[in-house]
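Worksheet for the structure shown next.
The values are calculated or read from the model by the stated rules, or taken from the named source; none is laboratory data. These numbers were taken from a predicted model, which means no experiment stands behind them. Note that we place each Cβ from the backbone using ideal geometry, even for glycine, and neighbour counts take in every protein chain shown. Remember, those area values only see protein heavy atoms, side chains included, never the ligands or the DNA or RNA. Shrake-Rupley method; radii C 1.70, N 1.55, O 1.52, S 1.80 Å.
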Amino acid sequence: MAYAPLLPLSIAGARQTGPIAPAGALPTVPGRVPQIGFTPPASRVIPVPQNGSSGKDLDVVQFFSKVFYVNEQEATAVVRVIRIGSLQGSCSVSWKTEEFSAKDGRKYHGGSDVCRFGPGESVRSFEIGIINDENFDTALEFDVVLYDPQNCLLDPKFYSSSVMILDDDLFPSNDFRDEIEAKDEGALYEVGFSLLWSFMKFCFNHVDDIWWKTILVLLLANLGNAYYLATIFIKVYLIDTVLNLKDEHSEERLWIHGDRNATAICLGLAWVLPNLILLGSDYFEMRVLEMGFNIRYHLRVNLFRKYLRYTKESRAMVPIQDLKISIMEDIPDMVSDGYLILFELWAMLGKIGMVTIFMLKKTPGSALAPLAVYPILIAIYLTRTYKRRLELMAKEGEGQSATIGTLMHAHNNHKLINAYEKKTTVVRYFENVLMQQRKGVMDLKSFTFWNAQLIPWITLLAIGFYIGASAKMVLGGRISLGALVTTINVYKDLGDRFSTILDGLKALSKAISPLSGLTIQFNLETDIPARAKVFDMNQQFALEYGNQLQRNFDAVPLALEKLQLDQSPLVKAGAQLTVEAAQGSVVQIIGPHDSGKGAILRRICDLDSTMPGVVKASPHLTILQVPHEPLFLEGGGVFANLHMAAIGQKGFDPAATARGRRILQRLGLGKSWIMEQYDSEEMTSLLPADEEKLVPTSPFSCHEEEEEEEDEEEGNPTWAQNLSGSEKWRFQLARAFLHDPHVLVVHRPVDELDSNLKELFLSLFREFVDKKGLEMDEAGPDLEMSKRRPRTLIFSTGSSTSTNIPDIIWRIGENGVTVERNRPVASGAGSGFGSGVQGSLPSGPGSMGVTAPGALNSFGLSMNSTSPR
């Protein structure tokens, strides 16, 4: 089954690779690697179409899946293209790769080629080279696009696909695999500076443009250091030469011989003019060499992408308040304190180097002592305070997370708190949380205050000692007056430089705390490996099943194998469901409350992996479950909620927006105020996409609304509060019909509706299946009905709800699931097959039982004939 990509796909080159095609395949084009393909049985006669065939005679070509998966360590990604139709004659389609989050030349080898189908061939494959590296990435994607069809049609929804590359590396380095797999921040603290060094290398080597920007910034920093050294000597020269009237030899050392005023003016110019160069350098760094955004952007996007693909267990380890702190605070702090601080440290070290040059030249004796004292004391200080600082920072972070968590708890449970009059209790608890947070904050402040006194006091003592010895040094002729005055200023400046270095080193140690937390978050498990495994299973299932049916992928059913309803109190323990739903059929699941209907539907949609059993479906099928509760995009209007669009998104196809309007009207949502808001948003949405300007805050947060007390839900769209309960439910269906999945799964859609709405829903369900979509625009972008893929509907009802639209009924009872044929299945659409307890079907009127081999339906399934319900 296909899963839509997480983010919008932008598309740039894939070198076609792969083994030689099987015997009987079309000859390869010179210079191109042969494609992998399937040839028809030798006994099958394939008629060749005549020239001038109309579009109605053409087959449809599309990707086998909306998403293909490949592990980074694999050499190539195999992409399959399928052909559906008569399979008569030959056809071809061109393909190309286009960049998205995976970049051509860094994660894969891009390219383009032509995919050719011979007579009777329904599947062709090509390979795209994958680049394996040692750098961490979340699962990255690139696109593959079909274009230029020859003697065939392209499916407008499956002409593009993405290839997702599963990365096997760890953030920030594979060197810490044991500590990361333990999920213990304390273990990461023990290797904190090594972890930080790996993060720096990760940023330098892996984030776009950082390596060359880093080198340039380090080089440009020397301009400021050189100017700093020059200003020191200018001050000495000004006092000892230009202003020294008592030294008769001073005039000989003037820049302009005999003219002290002109020399002073030259010194002033030498002090000012280099700043123009430094200003240009600083502006260049700000405009061109800015690195903070690049690193923050890279980390934030990857963490957000990772979070949306977390498993349930991983998501439980990262509450939403922790994610917010990580993205909005920890990442900026880590980038600033863990990488950008290096440039400030480099500049300070350069200035200290300039001071050393000056002291070696002017005061080579006792003045050098502080240069040795400062680093020794700083090293001792950092060693003694490292763990204590991390402990205090961790406590402060925990207090902040607890505060935000309490606020979110109060917001999310506002109704319940009001109903049981627990507001005072919640406020008291919040007060305790704040007091605990204040204790952690004050402990850290006290620690920071006393540690901040180290360098100022060293500087104070050094200056005092030097002043005390100044008279003896000057009167003894060891140094000049200018050198003495300048050296006192240099001492003070030196203290400031070492203070900045200490602050920088403390910032580096502080960066270890957020880095350790983010390291765990970046390496938590996602559901992508499980989805890739399901994809491989479904792909093998569809290819093997299709081979039995002469590659008719429209005839590959949705297969449920050994599903156990252990959580249902109605069904006996050990009961299993093994059943197949044909494409193009309506399946109704009937059972009393709490019998496991919803669990079956969730398992079909792969939303409940804990349920024992397997669900198989061809990868080219998209499956969508309509939630039973109304869900809306917070902050989105009617149009945005129907089309699942970002606020301000533009570039929509007019045919799609017109179809959305028709679907709303079909579902009884054509009220004037709804249509007026839809039309207003539609006018903006049809503007060119290059004028797109999205609202910074994303609307993609699902919100559950209730039929009572809606006005109390502050985050709900205002327009949605004006809808009745049935209108909200109809809007969910309108959204599902508009997105047009191949398999639509709906839980209890008609149980609580009046007879008129019930008949409306059922008639639309039937039309959706019979016409292969609802309100399709065959004159526009959609294929004509005979060329579209079958639509399948699976819905559940209570035991007392009767309908006349299903082709197949799965009835849940005490002994398992009984499968009943409700109406004849259309020719070529297939039929259903099922079993009850322990893989066998209960016998009885209306049940489907297993017979001896030989009695085969159009799917090749062994079954008995059944009586109508």
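Summary table
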| item | result |
| --- | --- |
| Members of the range 702-756 found to be assigned to a helix (DSSP H, G or I), at pLDDT 85 or above and of a type in the set (D, E, K, R), listed by number | Glu727, Lys728, Arg730, Arg735 |
| Qualifying strands (runs of 3 or more DSSP E) (wholly inside the range 535-617; at least 2 residues being open to solvent by 10 Å² or more (accessible area, probe 1.4 Å)) | 558-564, 575-581, 614-616 |
| Residue satisfying all of: in the range 649-694; farther than 23 Å from Glu778 by Cα, at pLDDT 80 or above and of a type in the set (Asp, Glu); most open to solvent (accessible area, probe 1.4 Å) among these | Glu676 |
| Residue in the range 148-157 that is most open to solvent (accessible area, probe 1.4 Å), counting only those that are under 17 Å from Thr622 (Cβ atoms) and not in a strand (DSSP E or B) | Lys157 |
| From Ser90, Ser125, Ser101, Ser160, residue being more than 27 Å from the chain's Cα centre (by Cα), open to solvent by 10 Å² or more (accessible area, probe 1.4 Å) and among the small types (Gly, Ala, Ser) | Ser90 |
| Residues (assigned to a helix (DSSP H, G or I) and surrounded by fewer than 16 Cβ atoms within 10 Å (Cβ to Cβ)) located in the range 235-249 | none |
| Residue check, Leu518 outside any helix (DSSP H, G or I) and under 17 Å from the mean Cα position of the chain (by Cα) | no |
| The range 400-424 residues that are under 21 Å from Met442 (Cβ atoms), paired with ones that are of a type in the set (Ser, Thr, Tyr) (beta carbon under 8 Å, 6 or more apart) | Thr406/Tyr429 |
| Residue count, the range 545-563 (criterion: within 33 Å of the chain's Cα centre (by Cα) and more than 15 Å from Cys605 (Cα to Cα)) | 3 |
| Residue pairs meeting the criteria (Cβ under 9 Å; at least 6 apart or on separate chains; first over 26 Å from Asn451 (Cβ atoms) and surrounded by 22 or more Cβ atoms within 10 Å (Cβ to Cβ), in the range 480-503; second at pLDDT below 75 and of a type in the set (D, E, K, R)) | Ala483/Lys362; Thr486/Lys362; Thr487/Lys362 |
| The listed residue being at pLDDT 80 or above and either open to solvent by less than 70 Å² (accessible area, probe 1.4 Å) or touching a helix residue (DSSP H, G or I) at 6+ places or on another chain (Cβ under 6 Å) (or both), out of Met354, Met408 | Met354 |
| Tally of residues being in a loop (DSSP other than H, G, I, E, B) and either over 29 Å from the mean Cα position of the chain (by Cα) or at positive phi (or both) across the range 392-442 | 3 |
| Selection within the range 274-306 - out of contact with any helix residue (DSSP H, G or I) (no Cβ under 7 Å at 6 or more places or on another chain) and among the small types (Gly, Ala, Ser) | Gly280 |
| Any hit, the range 133-147, residues being over 23 Å from the mean Cα position of the chain (by Cα) and open to solvent by 50 Å² or more (accessible area, probe 1.4 Å) | yes |
| Conditions (1) modelled with pLDDT under 90; (2) farther than 27 Å from Asp503 by Cα; (3) in contact with a Ser or Thr (Cβ under 7 Å, 6 or more places away or on another chain): number failed by Ile325 | (2) |
| Condition broken by Leu360, with the remaining ones in (1) closer than 25 Å to Leu195 by Cα; (2) touching a helix residue (DSSP H, G or I) at 6+ places or on another chain (Cβ under 8 Å); (3) open to solvent by 20 Å² or more (accessible area, probe 1.4 Å) satisfied | (1) |
| Residue match in the range 159-182 (condition: in contact with a strand residue (DSSP E or B) (Cβ under 8 Å, 6 or more places away or on another chain), within 30 Å of Asp57 (Cβ to Cβ) and acidic (Asp, Glu)) | no |
| Lone unmet requirement of (1) more than 30 Å from Thr610 (Cβ to Cβ); (2) at pLDDT 85 or above; (3) in contact with a Lys or Arg (Cβ under 8 Å, 6 or more places away or on another chain) for Leu349 | (3) |
| Odd one out for Leu624 among (1) modelled with pLDDT under 90; (2) in contact with a Pro (Cβ under 9 Å, 6 or more places away or on another chain); (3) of a type in the set (A, V, I, L, M, F, W, C) | (1) |
| Filter result for Tyr307 (within 30 Å of Phe202 (Cβ to Cβ), open to solvent by 90 Å² or more (accessible area, probe 1.4 Å) and either in contact with a Gly (Cβ under 8 Å, 6 or more places away or on another chain) or in a helix (DSSP H, G or I) (or both)) | no |
| Members of the range 260-286 that are under 40 Å from the mean Cα position of the chain (by Cα) and surrounded by fewer than 14 Cβ atoms within 10 Å (Cβ to Cβ) | Leu279, Gly280, Tyr283, Phe284, Met286 |
| Which numbered condition Gly192 fails, given (1) open to solvent by 30 Å² or more (accessible area, probe 1.4 Å); (2) under 30 Å from Asn302 (Cα atoms) | (1) |
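To keep it simple, each residue is scored yes or no on (1) of a type in the set (S, T, N, Q); (2) modelled with pLDDT under 85.
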{"site": "Trp212", "(1), (2)": "no, no"}
{"site": "Leu216", "(1), (2)": "no, no"}
{"site": "Asn222", "(1), (2)": "yes, no"}
{"site": "Thr231", "(1), (2)": "yes, no"}
{"site": "Ile234", "(1), (2)": "no, no"}
{"site": "Val242", "(1), (2)": "no, no"}
{"site": "Glu251", "(1), (2)": "no, yes"}
